Amino acid sequence: MNAQPPTTDRAKSLYQRGATVAFSCKADPRFCYVLYVPEDLDDRPADAPPPRLLVGVHGTGRANIGYRDSFVEFARYNNCVVLAPLFPVGVLGDENGNGYKYIEEGDIRYDKVLLAMVEEVEAKLGLSFPKFMLFGFSGGGHFTHRFLYLHPERLSAVCIGAPGSVTLIDDSRDWWVGTRDMEARFGKALDLGAVAKVEGLVVVGAVDRETWEITHKPGSRHWMEGANDAGETRIDRATSLTASLQNAGMTVELIKVPNEAHRMEGMVPTIKAFFRKHLQKTGGLSE
């Protein structure tokens with residue numbers, strides 16, 4: 001078998017810089033991701049400040065390219081790499097579209113898949129991202145706050161957008177409603193001290209009131225006692241989650257975006273403003 005030819009500078013420029021092609025995850029090729037990589041990355045002086053990593057996790061619609069594209073301009077002018085994973089529906093052949101939202105599905109640990117992608121991007125770009133910024137909307141908001149509980153030491157800031165169901169920090173209830181059995185289930189205990197060090201934002205549309213998709217019923221895949229206790233609407237659940245995080249010592253704000261329902265595009269300006277302020281405080285950006 002002939003060895004693959006080396007990547008030419010032209011091919012790298014076309015496919016691996018700027019808004020990139022999709023890459024299979026080497027650790028598990030069932031999953032893939034797209035990137036935004038600063039176009040001038042290879043031409044920077046050695047002492048240039050390294051880019052930060054912003055990870056955006058899609059919702060149920062799996063529009064991961066849109067999540068990347070929504071932040072290309074932001075990343076270009078704020079010195080960031082953007083990583084947008086794709087977690088397909090029915091990875092185990094059963095049409096389940098919700099597995100990633102709850103972190104585990106069969107033998108898959110979606111938190112570990114994401115960390116493998118980050119490690120792969122580090123190797124691909126010759127960069128290091130010991131901490132990164134994470135956001136997700138709707139189903140991605142599910143994933144994002146649960147990833148926070150499991151890996152707070154890897155995050156500098158987190159934006160949780162309108163999750164349909166929330167896991168509250170509660171040692172009287174098991175996962176996914178509470179956090180009592182996290183260590184037994186995932187092999188990692190909840191570190192509230194580390195969670196408190198992550199800067200946070202919870203964002204939801206001020207008129208995001210539909211409940212048809214988020215009301216758990218007995219017999220459904222993720223039903224358990226207390227599944228609907230955090231509130232009826234996404235607004236209610238976002239409010240409950242924010243209070244839970246604040247009670248745990250985390251600095252986190254709840255923003256209800258005026259006149260917006262359940263629409264990622266309507267959240268983007270608020271998310272950008274949050275991460276811009278975070279980078280100004282922690283990344284040396286100008287005011």
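The values are calculated or read from the model by the stated rules, or taken from the named source; none is laboratory data. What you see is a predicted model; the values in this text were computed from it and never measured. With ideal geometry, Cβ positions are generated from the backbone for all residues, glycine too; neighbour counts draw on all protein chains shown.
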**Enumeration of residues in the range 119-137 that are in contact with a Phe, Trp or Tyr (Cβ under 7 Å, 6 or more places away or on another chain) and crowded, with 18+ Cβ neighbours inside 10 Å** = 133, 134, 136
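Please specify each residue of the range 32-51 satisfying the condition of being more than 15 Å from the chain's Cα centre (by Cα) and either in contact (Cβ under 8 Å) with a residue 12 or more places away in the chain or surrounded by 14 or more Cβ atoms within 10 Å (Cβ to Cβ) (or both).
Within the range 32-51, the subset more than 15 Å from the chain's Cα centre (by Cα) is 36-51.
Result: 36, 37, 38, 39, 41, 42, 49, 50, 51.
If you go through the range 49-70 one residue at a time, do you hit one that is of a type outside the set (Ser, Thr, Tyr), in a helix (DSSP H, G or I), touching a Pro at 6+ places or on another chain (Cβ under 9 Å) and under 19 Å from residue 160 (Cα atoms)?
Within the range 49-70, the first condition is being of a type outside the set (Ser, Thr, Tyr), and the residues that meet it are 49-59, 61-66, 68-69.
Now narrow it down to the ones that are in a helix (DSSP H, G or I): 64-66, 68-69.
Now restrict to residues that are touching a Pro at 6+ places or on another chain (Cβ under 9 Å): 64.
When the remaining residues are screened for being under 19 Å from residue 160 (Cα atoms), the result is 64.
So far as the range 49-70 goes, yes, one or more of its residues are of a type outside the set (Ser, Thr, Tyr), in a helix (DSSP H, G or I), touching a Pro at 6+ places or on another chain (Cβ under 9 Å) and under 19 Å from residue 160 (Cα atoms).
Considering the range 9-21 alone, what residues qualify as being assigned to a loop (DSSP other than H, G, I, E, B) and surrounded by fewer than 14 Cβ atoms within 10 Å (Cβ to Cβ)? Walk me through how you get there before you give the answer.
From the range 9-21, those assigned to a loop (DSSP other than H, G, I, E, B) are 16-17, 20-21; that's our starting set.
Of everything in the range 9-21, just one residue is assigned to a loop (DSSP other than H, G, I, E, B) and surrounded by fewer than 14 Cβ atoms within 10 Å (Cβ to Cβ), namely 21.
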**Request:** For the range 258-273, state whether one or more residues are more than 24 Å from residue 64 (Cα to Cα) and free of Cβ contacts under 8 Å to residues at least 40 places away in the same chain.
**Result:** no
**Message:** For the structure I just gave you, tell me whether residue 135 is among the aromatic types (Phe, Trp, Tyr), more than 16 Å from residue 102 (Cβ to Cβ) and not in a loop (DSSP other than H, G, I, E, B).
**Reply:** yes
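For residues that are free of Cβ contacts under 8 Å to residues at least 40 places away in the same chain and buried (at least 16 other Cβ atoms within 10 Å of the Cβ), scanning just the range 203-239, find the one that is nearest to residue 158 (Cα to Cα).
Filtering the range 203-239 down to residues free of Cβ contacts under 8 Å to residues at least 40 places away in the same chain leaves 211-212, 215, 217-220, 223, 228, 231-233, 235-236, 239.
Filter once more, keeping what is buried (at least 16 other Cβ atoms within 10 Å of the Cβ): 228, 231, 233, 235-236, 239.
Values: 228: 24, 231: 22, 233: 22, 235: 18, 236: 20, 239: 16 Å.
Per the stated criteria, the residue is 239.
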**Asked** touching a Leu at 6+ places or on another chain (Cβ under 7 Å) and among the basic types (Lys, Arg) - does that describe any residue in the range 99-112?
**Response** no
**Asked** touching a residue at least 60 places away in the same chain (Cβ under 8 Å), of a type in the set (A, V, I, L, M), closer than 30 Å to residue 51 by Cα and surrounded by 14 or more Cβ atoms within 10 Å (Cβ to Cβ), is that true of residue 254?
**Response** no
**Fill in**
Flagged in the range 195-236 as outside any loop (DSSP other than H, G, I, E, B), in contact with a helix residue (DSSP H, G or I) (Cβ under 7 Å, 6 or more places away or on another chain) and over 21 Å from residue 269 (Cβ atoms), in numbering order, are 195
**Asked** residue 242 versus (1) modelled with pLDDT under 95; (2) among the hydroxyl-bearing types (Ser, Thr, Tyr); (3) surrounded by 20 or more Cβ atoms within 10 Å (Cβ to Cβ): which is the lone unmet condition?
**Response** (1)
**Item:** Condition broken by residue 157, with the remaining ones in (1) under 17 Å from residue 111 (Cβ atoms); (2) outside any loop (DSSP other than H, G, I, E, B); (3) touching a residue at least 40 places away in the same chain (Cβ under 8 Å); (4) of a type outside the set (Lys, Arg) satisfied
**Value:** (1)
